[in-house]
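Report on the structure given below.
The values are calculated or read from the model by the stated rules, or taken from the named source; none is laboratory data. None of the values given here were measured: they were computed from a predicted structure. Cβ placement follows ideal geometry from the backbone for every residue including glycine, while neighbour counts extend to all protein chains displayed. The area values use the complete protein model at the heavy-atom level, side chains included, leaving out ligands, DNA and RNA. Shrake-Rupley method; radii C 1.70, N 1.55, O 1.52, S 1.80 Å.
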Amino acid sequence: MDNALSITDLKKVYQNGTTALRGVSLEVGRGDFFALLGPNGAGKTTLINIVTGLVNKTSGKVNIQGVSIDDNAPKAKLHVGVVPQEFNFGIFEDVIDVVVNQAGYYGIPRREALPRAETYLRKLGLGDKLHVQARTLSGGMKRRLMIARGLVHEPKLLILDEPTAGVDIELRRGMWEFLNDLNAKGTTIILTTHYLEEAEQLCKNVAIINKGEIVASGEIRSLLSSMDEETFVFDLDQDPDQNQISKLSTYQAQRSAPHALEMTLTKAHPLNSAILNINALGLQVKSMRNKTNRLEEFFIHHTSK
Ligand code: ADP
């Protein structure tokens, strides 16, 4: 079966000569929950804008649900809903109208669009805001309004650019639940996010893009298990002295705080041997944790070269 999104050797050089994409290929299967990660300027927005038809590609192929954007852009577009980073709705329009008017662009009659818009807005917690002007909504509410608008034509593929930026933690969880539910019902979702914890929680597959190139991609779980280095923080029963620390040099041990050691673990020097080595110095481990979110560590490793 055709993928929800298939991109082959996509290149983009802007008119001012900036090369934003240097030959990107990626496949997003139907029903996937996919994270597109990358530092600022990596090319994520350019890629999304090409898929949604806002930016013209320089070369390469893009297929959405098996439809090439070169052969039939209008049909390809019908399959995609997008939630851009910038709020770009009419701020003086009522909330319900923002969504219903969007349906108009897709030729959906108003009598069909109205109940659909209401359903999505209610699910997104905006049920009591249907008839207020969009400008009066908080940032988090505006973001959810954009999601409802992106869904009104019931696309098979939903692309969200930083959907939870500026959304507080509680609302973020609510949004995660909504997206999980939508995905479970069959909508393919692609999101870009700065919150790597979010990608790890929500997404199955990931591509990391850096300077216009994919530098890592695959199933998040297997990428993380292939990581050859992890930094752990060990909280100890006493403060380690310099002599003890120097005996843990294979782990690049460093005192990161009073009573705490930061150590690098590898396949050759795994967790259990690290603990034994700490104990052999007369120190006890009271607790331990990954220094950073593991996907974050993976991300930094692949984008800081
Ligand atoms: P991201 O979304 O990952 O932050 P972008 O796709 O916005 O990355 O940008 C990728 C590169 O393309 C950057 O170097 C950026 O400055 C450049 N770029 C983005 N939009 C334009 C544009 N309209 N004209 C010229 N250069 C652009």
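At-a-glance table
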read-out	value
Verdict on LYS12 being surrounded by 15 or more Cβ atoms within 10 Å (Cβ to Cβ), under 25 Å from LEU182 (Cα atoms) and either more than 19 Å from the chain's Cα centre (by Cα) or within 7 Å of the ligand (Cβ to nearest atom) (or both)	no
Matching option when the condition is open to solvent by 50 Å² or more (accessible area, probe 1.4 Å), modelled with pLDDT under 90, out of contact with any Lys or Arg (no Cβ under 8 Å at 6 or more places or on another chain) and away from the ligand (no atom under 16 Å from the Cβ), among GLU112, GLU170, GLU177	GLU170
Residue tally, condition surrounded by fewer than 20 Cβ atoms within 10 Å (Cβ to Cβ) and within 16 Å of the ligand (Cβ to nearest atom), over segment 198-213	3
Unique match (being at negative phi, in contact with a Lys or Arg (Cβ under 8 Å, 6 or more places away or on another chain) and modelled with pLDDT of 90 or more) among ASP235, ASP241	ASP235
Flag if ALA216 is without any contact (Cβ under 8 Å) to a residue 12 or more places away in the chain and not in a helix (DSSP H, G or I)	no
Top-ranked residue of segment 186-204 - restricted to ones that are charged (D, E, K, R) and not in a loop (DSSP other than H, G, I, E, B), ranked as modelled with the lowest pLDDT	GLU197
Residue under evaluation ALA207, criteria (1) farther than 30 Å from VAL13 by Cβ; (2) at pLDDT 90 or above; (3) part of a strand (DSSP E or B), criterion not met	(1)
Residue list for segment 99-109, filter: buried (at least 16 other Cβ atoms within 10 Å of the Cβ) and under 12 Å from LEU151 (Cα atoms)	VAL99, VAL100, GLN102, ALA103
From THR58, THR46, THR52, residue being closer than 24 Å to ASP181 by Cα and among the polar types (S, T, N, Q)	THR52
Failed condition for PRO155, given (1) under 17 Å from the mean Cα position of the chain (by Cα); (2) under 30 Å from ALA117 (Cβ atoms); (3) open to solvent by less than 30 Å² (accessible area, probe 1.4 Å)	(1)
Residues of segment 219-241 satisfying the condition of being crowded, with 16+ Cβ neighbours inside 10 Å and assigned to a loop (DSSP other than H, G, I, E, B)	PRO240
Test: residue in segment 221-230 that is modelled with pLDDT of 95 or more and of a type in the set (Asp, Glu)	no
Residue count, segment 22-41 (criterion: within 8 Å of the ligand (Cβ to nearest atom) and in a strand (DSSP E or B))	0
Residues satisfying the stated conditions in segment 42-81, i.e. in contact (Cβ under 8 Å) with a residue 60 or more places away in the chain, open to solvent by 50 Å² or more (accessible area, probe 1.4 Å) and either assigned to a loop (DSSP other than H, G, I, E, B) or within 16 Å of the ligand (Cβ to nearest atom) (or both)	THR45
Enumeration of residues in segment 277-305 that are open to solvent by 70 Å² or more (accessible area, probe 1.4 Å) and among the polar types (S, T, N, Q)	GLN284, SER304
